[in-house]
Amino acid sequence: VSVAGLLGATASIAEDGPVRAVDLVGPEAALVCEVRRPKEAWDDFRRGELFRRLEQNVLYPRIRQSEPLRQWFEMERGVREATGAALSTHLLDLCSQEAVLAVYFSQANHPEGVLLTRADDAATVQRVLQSWQRLEPKASTQTLTHRGQSYVRRTHGGGRKSHLYYVTFGDVFALSDQEARIREVIDLRGGGDSAAAEQPRRFRETAVYER
């Protein structure tokens, strides 16, 4: 099965209008971090006076040579060689318009997170997903549905397998290790045949967000 065909079958795209990533956060979220146009903000920072002063600081070479950054640069190089673009490029492209991290607490009081992003267009999301599959060719994917909307369970690992779940709506991407959270994202989107169901209120409609 080709990667393009696999992704096309598992990442269904809604065509009924734009949606913001923050619209897919439920009102019970305990913590929500929203960054608008992070790619533009990062580019402005790299061109700005603050970054220029950082580069001139005597500690800057030592920081670049630190073990965490050395590992990051190696990862960047490896991803670039495998996919044609660095990891940071893929990530910034995926969230060029919006990045949202929402943290919930389960009934057992365990934290559960959802990452939501909005790219420039749907093609960018599909390209990043294809690169992800290229980096982890042994990972298996399965198409699941919730109220008529398809989403993906991605499994990798040997004896102790781990799962990630994601769904796309055009230029919007949602990822979590909790299947119920991705199903909630679909409910909030109102995708598939869920139009007849009562839609939950969104975090963006609460007084907390309005402040």
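The values are calculated or read from the model by the stated rules, or taken from the named source; none is laboratory data. All figures in this text were calculated on a predicted structure; none of them were measured in a lab. Counting neighbours? That spans all protein chains shown, and the Cβs are built from the backbone with ideal geometry, glycine included. Side chains are part of the model used for accessible areas, which takes the heavy atoms of the whole protein and leaves out ligands, DNA and RNA. Shrake-Rupley method; radii C 1.70, N 1.55, O 1.52, S 1.80 Å.
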Item to complete: Please work out the average accessible area per residue across the stretch 22-74, using the 1.4 Å probe convention, and give it in Å².
Response: 77
Worksheet item: Assuming R0 = 35 Å, what is the FRET efficiency of Glu74 and Thr145, from their Cβ-Cβ distance, to the nearest 0.05?
Response: 0.35
Worksheet item: Quick one: with all protein chains in place, what share of the accessible area of the stretch 28-132 is carbon or sulfur, to the nearest percent (1.4 Å probe)?
Response: 55
Worksheet item: Which value, in Å² and to the nearest 10, is the accessible area of Glu81 when all protein chains are kept and the probe is 1.4 Å?
Response: 150
Response to the item:
Sorted on mean Cβ neighbours within 10 Å (highest first), peptides 69-75, 175-181 come out as 175-181, 69-75
